[in-house]
Amino acid sequence: MALDIDYVRSQFPAFSAPNLQGQAFFENAGGSYTCQPVINRLTRFYTERKVQPYAPYEASTLAGAEMDEARHRLAKIMGVDTDELSFGPSTTQNTYVLAQAFRQLLSPGEAIIVTNQDHEANSGPWRRLADAGIEVREWQIDPQTGHLAPGDLENLLDEKVRLVCFPHCSNVVGELNPVTEITALAHAAGAFVCVDGVSYAPHGLPNVGELGPDIYLFSAYKTYGPHQGLMVIRRALGELLPNQGHFFNGDTLYKRFTPAGPDHAQVAACAGMADYIATLAHHHGGPLTEGAAQGAFVHDLMRAHEVELLQPLLDMVKDRNDLRLIGPSDANNRAPTVALALDRPAEGVAAELAEEGIMAGGGDFYALRALNAMGVSIGDGVLRLSFTHYTSKKEMTQLMEALDRVL
C-alpha cells in the first residue's frame, strides 16, 4: 500500500502552523518536526505528572509507568529486550559516556577502528581513547564517492581490535552501509560493533536485534520526538563494560550508562513515537500487534515513499556541471539526505533558497573529516537537502524548481 501522505501530514501540527505555510522543510537531517502523539504525551506529563516518578502516589506512579512504557514499546519495535534500551540527553553525550566506559575496559596496545565518514559525534570521543594508549585505526572512505568498502575494513582487523565504530549512513554521504555484513566481519575478528544510526533511524526504526550490532545509537528529536538520545546496548557488552552511573544502579542495565538523571518528561513522551508508528500501521492495514513486525511494516512504508520522491532529485543533480553530488545517485541505496558541493559558499545558496520558501542548510554539518577526505572546501561547505516520509510530491516539485532557479 502506498503511503497516505495526507493522513501522515495530519499527524504533524507544523503543517497547519500559519507561520510555516508555503515553506517546504528540507533540513530534516538536523531535526524533524514533532508528531502530535509526542506533543500530547509531553503536554500531559508537564500538566499532570510533573513530579518525581516511581513514588506510591498516583501522579508519581503514572509518571514512572509512562517512562517504562516508552522504553518497553520502543525496544519491542527494535527487536531488543526492554532493559537493553537507554535514554540520555543526546547521542553525542551518550557516545561520550560509552567511550569513557571503553577507556576503562581496554588496555594500552589494544585497538579500535573508526571511520572518516562519520559525524564527529561518533568519531571524536572514540579517537580520544588514543590519550589512554589505545591504538586508533581509521577506516577511510573512497575520496571520489564517499563509499566505505567492507574489504578495506578486513585489512584493518586483527586480534588487537576490540571495537569497530561506523555510521548506518553518513549525514552527508547518505549511502546505506551494510550493517549486518560489517558487524559479521567485526564479530568474526573478536571485536564489538557500535553503529551511529542518527541519520538512518528517521527513515524507519531498524530492527537492531536482526542487524546484530552491540551498540546502536540514534536521536529522538530526529525521529519525530523530543530531544533525547536513545541507545541500544546489547546485554553481553552492557554487562561487561564498567558501570558509568551511580554505584547503586550498577545492577540495572539501562541505568549503567546514564550518569545523570533522565529527563522524565521527555523519556515519557518518547512513547508517542511508538503511538505514531502504531497509528500508521493501523491506518495502512499493517500488523495490529505492536512489535518488530509492525515496526518493519512502517519502516518499509516510509522508505518506499522516500525512494519514490528522492530519485527525481538525484536524476536532476547528478549530471550537472555546476555542482558535485556527494554519495550515490541510486535512491534505493541511500537515505534522502542529499549533499551538494557547489562552486560557491553553500550557506549563501541556502539563504537564496529560503527566499523561495525552501528551508535548507549549508555548512559542514560536523562531517569535516568526510568532506576533507573528498576534497570539498570546508569554507564553502555543502548544501544539504534532507527530507523524510512526511514530505509531499508537491514540496519536492517546489524544491527542484527553486533549486534550478537559484543554481
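The values are calculated or read from the model by the stated rules, or taken from the named source; none is laboratory data. Just so you know, these numbers come straight off a predicted model, no measurement behind them. Calculation scope for accessible area: heavy atoms of the full protein, side chains included, ligands and nucleic acids excluded. Shrake-Rupley method; radii C 1.70, N 1.55, O 1.52, S 1.80 Å.
Computed quantities for the displayed model
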item	result
Label corresponding to semi-axes √(5λ) of the Cα gyration tensor in Å when calculated from the structure given, among (1) 33, 26, 21; (2) 32, 29, 18; (3) 49, 27, 17	(2)
Inter-centroid distance (Cα atoms) of segment 67-102 relative to segment 12-53, Å	22 Å
Solvent-accessible area, 1.4 Å probe, carbon plus sulfur percent, for the chain	51 percent
Added length on full extension, which subtracts the Cα-Cα distance from 0.36 nm per residue, residue 354 to residue 333	4.7 nm
The chain: antiparallel DSSP beta bridges as a percent of all, rounded to 5	50 percent
DSSP H segments from the chain that extend 15 Å or more along their own axis, Cα-based, with Kyte-Doolittle mean of -1.0 or above	36-48, 58-77, 91-105, 271-283, 292-317, 393-406
Reachable aspartates and glutamates from residue 160, criterion Cα separation under 13 angstrom, eight or more residues apart if same chain	110, 135
Principal axis box of segment 42-274, alpha-carbon based, largest edge first, Å	58, 36, 27
Sequence-distant aspartates and glutamates (8 or more away, or on other chains) whose Cα lies within less than 15 Å of residue 394	4, 6, 306, 308, 356
The chain, helix-only ellipticity at 222 nm - DSSP H runs n ≥ 4, -39,500 (n - 2.57), divided by all residues, nearest 500	-12000 deg cm²/dmol
Nearby lysines by direct alpha-carbon distance to residue 50 (threshold 23 angstrom, same-chain neighbours under 8 apart not counted)	255
Residue-span extension gain [residue 347 to residue 19] - 0.36 nm each, minus C-alpha spacing	115.8 nm
